[in-house]
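The values are calculated or read from the model by the stated rules, or taken from the named source; none is laboratory data. Computed from a predicted model, the values in this text were never measured in an experiment. When we count neighbours, we look across all protein chains shown, and the Cβ atoms used for this are built from the backbone with ideal geometry, even at glycine. Accessible surface areas use protein heavy atoms only, side chains included; no ligands, DNA or RNA. Shrake-Rupley method; radii C 1.70, N 1.55, O 1.52, S 1.80 Å.
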Amino acid sequence: MLFAGSLLISCRQVIAVEETNTDLIIELKVDSILALMTLDEKIGQMSQVRHFDLEEKEFASRLIGSVIHTEGPLPGENASDWQAKFTALQKQALSTRLGIPLLFAVDAVHGQNTYEGATIFPHNIGLGASGNARLVEEAAAITAIETQATGINWVFSPCVAIPYNDKWGRVYEAFSESTDLTNELAKASVRGHQGNLSDQSTVLATAKHFIGDGATDNGIEGGETSLGVDEIVDRLLPPYRAAVEAGVGSIMASFNTMSGQAMHAHRALITDTLKIGMGFDGIVVSDWKGYSKFGEADVVKAGIDICMAVDGDLDDFQTGLKGEVESGNVAQARIDDAVRRILRQKFRLGLFENPFPDANLITKIGSQKHRDVARQGVRESLVLLKNENNALPLDKEISKIVVVGEFADNAGLQSGGWTINWQGTTENYSGATTILEGIKEIYQGDIIYDKNGTGDHTDADAVIVVVGESPYAEFFGDIGHEASVQSHNLSEAHKNYIDAYANTGKLITILISGRPMVVTEQIGHSDAFVAAWLPGSEGDGIAEVLFGDYDFKGKLPHSWPKSISDYNNKYGPNFWDESITPLFPFGYGLQYKQG
Ligand code: BGC
């Protein structure tokens with residue numbers, strides 16, 4: 001035993017020494033490349049553009065360091081074409097004097113959601129409801145594989161915001177209002193995405209948006225976050241500490257201001273707190289056009305290492321920053337720090353050894369194995385808020401079920417924003433199953449689909465009404481934003497679907513939403529009520545729980561308002577106002593099995 005124990009200790013020591021050696025070797029390599037670099041080459045590394053912003057040759061001549069794929073023209077028709085496109089750009093980068101490979105980034109926030117046919121997981125709010133860190137890790141590992149299969153090696157995920165106000169249009173991108181739960185799931189997500197980072201099936205992860213994105217006054221995207229230091233330290237910073245401890249490779253700055261100061265230019269938080277205080281040695285990346293929006297040189301001086309210089313920002317960024325360095329306004333040491341961080345992550349990712357995508361990964365996109373994990377995620381994210389009159393579980397032997405509403409048979413509507421398109425889609429997309437399809441798979445009796453909620457089928461043995469919020473992302477989801485049509489309540493049409501079948505004693509309502517909504521009346525009219533969040537491509541997971549093949553597991557990741565005034569007061573700077581009793585507290589969720 002003694003011998004086995006000492007052997008174990010010595011093995012651990014060997015591993016530790018190897019890790020230290022790898023780190024040391026990487027630092028030596030970074031230093032030697034840095035010593036060779038001109039200012040233009042350094043600023044090139046700090047530049048990020050879209051894959052269609054430049055002619056291919058310009059990726060070499062402009063010395064570009066990284067590429068983003070987001071809304072806009074696709075890199076190709078299928079994954080092989082995507083890989084071919086990114087391979088061509090990579091060859092340009094490798095043809096430059098120092099041959100430093102490119103990073104390719106994407107907003108893969110619930111699976112590789114920009115690629116039709118990929119496995120699309122429930123949005124983070126649903127994974128928060130599952131409370132299952134193992135599942136979050138597996139989902140992230142699958143996302144990494146499918147992302148690499150499309151030729152991309154960096155994801156702008158996970159969002160580790162703590163949403164203070166459910167008017168914010170990005171509540172669903174975050175796991176929970178609970179800092180503790182977010183810490184745990186943030187770590188799991190980073191572990192899953194990055195795995196052993198130098199493997200070709202893993203990607204660099206990004207914790208975002210640093211910091212205060214979900215805590216703006218009135219939930220306005222990019223608004224003012226007026227919190228005291230204690231709240232920032234106690235509630236908002238811990239998920240970043242957790243992500244840094246898990247080795248996250250990058251962190252994205254946020255659009256909001258913090259006590260009047262643009263976060264992108266907040267040196268005390270970015271450099272002093274995050275980089276020095278927490279020991280974060282990865283890349284801080286700006287958000288969209290962060291350089292021109294938030295004070296140009298001030299952004300770099302505050303500690304931003306890569307600028308998303310898209311939409312016409314590239315010239316100003318490259319020439320502007322060069323001038324600022326030459327005039328002495330931006331220290332050469334700051335530029336060196338930025339480039340050192342970028343090169344370090346490129347080495348850790350194994351990009352110098354393996355700069356090109358792996359064609360063998362393509363067959364894994366949307367595989368059954370991956371979809372099974374996503375379907376598990378759907379099942380575990382469902383939260384049962386009410387169950388009376390034995391409405392659930394449904395008996396497979398009953399003879400007739402009516403399914404109501406357009407959300408019941410539309411994969412786009414059930415998936416939310418950041419699905420196929422930036423703002424999501426209202427159409428079906430390939431590879432996905434709808435909620436109705438899931439019911440058809442499991443139930444052999446008569447199914448009537450009353451898409452428009454006529455209320456004509458009250459003779460059915462059970463009624464399943466599916467209602468919810470139409471897809472939205474970012475500003476378009478803020479309740480109260482001029483570009484937004486979102487509200488705290490359901491639309492009149494959706495309220496009518498429920499009313500048409502209220503008082504039948506067999507009404508099961510499924511809510512598809514990216515946040516808690518004010519549905520007190522509709523819960524009252526329903527016999528059973530399920531918060532299903534935004535399940536993604538595996539809509540059939542819902543039927544497996546409704547028919548009792550699996551029990552409910554999900555618990556509310558947010559407390560749930562009973563009225564609009566709760567919504568207004570509970571959140572915002574008076575968060576956790578103890579004078580307000582929510583309709584359901586954080587952590588609430590019923591199960592079939594009691595106790
Ligand atoms: C969002 C980020 C996203 C970026 C790139 C921004 O508008 O705030 O979350 O990563 O766009 O698409």
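For region 262-274, backbone phi angles converted through the Karplus equation (6.51, -1.76, 1.60; θ = phi - 60°) give residue-by-residue couplings of 4, 4, 4, 10, 8, 4, 4, 7, 6, 7, 6, 7, 6 Hz, Gly and Pro being listed as x.
Is the shape of the chain best called rounded, prolate or oblate, per the rule: a/c under 1.5 gives rounded, else a/b larger than b/c gives prolate, else oblate, with a ≥ b ≥ c the square roots of the Cα gyration tensor eigenvalues?
The shape class here is prolate.
Candidate cross-link partners of residue 562 among the aspartates and glutamates, defined by an alpha-carbon separation under 15 Å and a same-chain spacing of 8 or more, comprise 166, 521, 577, 578.
Remark on region 134-213: Rg and Dmax equal 13.0, 40 Å (Cα only). Can you tell me how region 440-507 classifies by the Cα gyration tensor, rounded, prolate or oblate, using a/c under 1.5 as the rounded cut? It comes out prolate by the Cα gyration axes.
Rg of the Cα atoms in region 211-280, relative to 2.2 N^0.38 Å, amounts to 1.05.
The Cβ shell under 14 Å around residue 332 holds other residues with a net charge of -1, Lys and Arg each +1, Asp and Glu each -1. Among the lysines of region 38-363, pairs at least eight places apart or on separate chains and with Cα atoms under 17 Å apart come to 13. Scalar couplings 3J(HN,Hα) for region 396-410, obtained by applying the Karplus form with A = 6.51, B = -1.76, C = 1.60 to θ = phi - 60°, are 5, 8, 5, 9, 8, 10, 10, 10, 10, x, 5, 5, 6, 9, 8 Hz; x denotes Gly and Pro.
Each other residue within a Cβ distance under 15 Å of residue 522 adds +1 if Lys or Arg and -1 if Asp or Glu, for a net charge of -3. The local environment of residue 36, defined by Cβ-Cβ distances under 11 Å, has a net charge of 0 under the rule Lys, Arg +1 and Asp, Glu -1.
Can you classify region 38-363 as rounded, prolate or oblate using the Cα gyration tensor, where a ≥ b ≥ c are the square roots of its eigenvalues, rounded means a/c under 1.5, and otherwise it's prolate if a/b beats b/c and oblate if not? Don't jump to the answer; show the numbers that get you there.
Details: a/c = 1.69, a/b = 1.09, b/c = 1.55.
Oblate is the answer for region 38-363, as a/c is 1.5 or above yet b/c matches or exceeds a/b.
For residue 588, the amide hydrogen comes within under 5 Å of the amide hydrogens of 556, counting only partners 5 or more places away or on other chains and with H modelled in the peptide plane.
Would you mind calculating the gained length between residue 564 and residue 503 on full extension (0.36 nm times residue separation, minus the Cα-Cα distance), in nm to one decimal? It would help to have the intermediate numbers written out before the result.
Working: separation 61, 0.36 × 61 = 21.96 nm, distance 2.48 nm.
Gain on stretching residue 564 to residue 503: 19.5 nm.
Close amide H contacts of residue 284 (hydrogens built in the peptide plane, cut-off under 5 Å, sequence separation of 5 or more or a different chain): 251, 305, 306. Over the residues of the chain, the helix contribution to mean residue ellipticity at 222 nm works out to -10500 deg cm²/dmol, using -39500 (n - 2.57) for each DSSP H run of at least 4. Here residue 456 sits with roughly 110 square angstrom of accessible surface, probe radius 1.4 Å. Considering only Cα atoms, the convex hull volume of region 390-523 works out to 108 Å³ per residue.
Note on residue 593: aspartates and glutamates with a C-alpha under 17 Å away, same-chain residues under 8 apart excluded, are 380, 388, 395, 544, 549, 551.
Based on C-alpha pairs under 8 angstrom that are at least 6 apart in sequence, the chain has a relative contact order of 17 percent.
Applied to region 485-498, the Karplus parametrisation 6.51 cos²θ - 1.76 cosθ + 1.60 on θ = phi - 60° returns per-residue 3J(HN,Hα) values of 10, 7, 9, 5, 9, 6, 5, 4, 4, 6, 4, 5, 4, 5 Hz, with x for Gly and Pro.
Near residue 440, which lysines are there with a Cα under 21 Å away, not counting those fewer than 8 places off in the same chain? Hits, sequence-local ones excluded: 396, 400, 451, 506.
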